[in-house]
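Report on one structure; see the data block that follows.
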Amino acid sequence: MRDLHNVRLRPTEAAAAPLTDEEEQRFRAVLFSELGNEIADHGSARFPAYTPEDRRRLVDVAHRLTTYWGQQVFVEAEDLTRLRLYLAGHEARPQTLPTPS
């Protein structure tokens, strides 16, 4: 067995420094633009949300899009790590299994 000297543990990703106010504003502006374009083109958009802050950020973007468009943008969790933003009429349809022939 080897002895490890002067070895330091690296901080985990969850321990990363929070964004500055300016970085946060720029990131939300990019989300607003990119997700807004995706929703406008396809009626919905999916985006990863690994932390509570990610989820809050996406909910805020949905509220801003709702105000901007004057049309409700809904938010739903697809699983533990992804949120879906969508317009009315683009709700998730239950996936059906193919019927055997």
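Where a number appears in this text, it was derived from the coordinates with a stated rule and is not lab data. This is a predicted model, so every value here is computed, not measured. Cβ: placed from backbone, ideal geometry, glycine included. Neighbour counts: every protein chain shown.
Mind listing the long-range amide H neighbours of R82? Cut-off is under 5 Å, sequence gap 5 or more, other chains count too, H placed in the peptide plane at 1.01 Å from N. The answer is A49.
Where does the range 45-85 land on the Kirkwood hydrodynamic radius, alpha-carbon pairs, in angstrom?
10.1 Å
In this simple spin-label approximation, R26 and R8 carry label points 7 Å from Cα along the Cα→Cβ vector, and these lie 2.6 nm apart.
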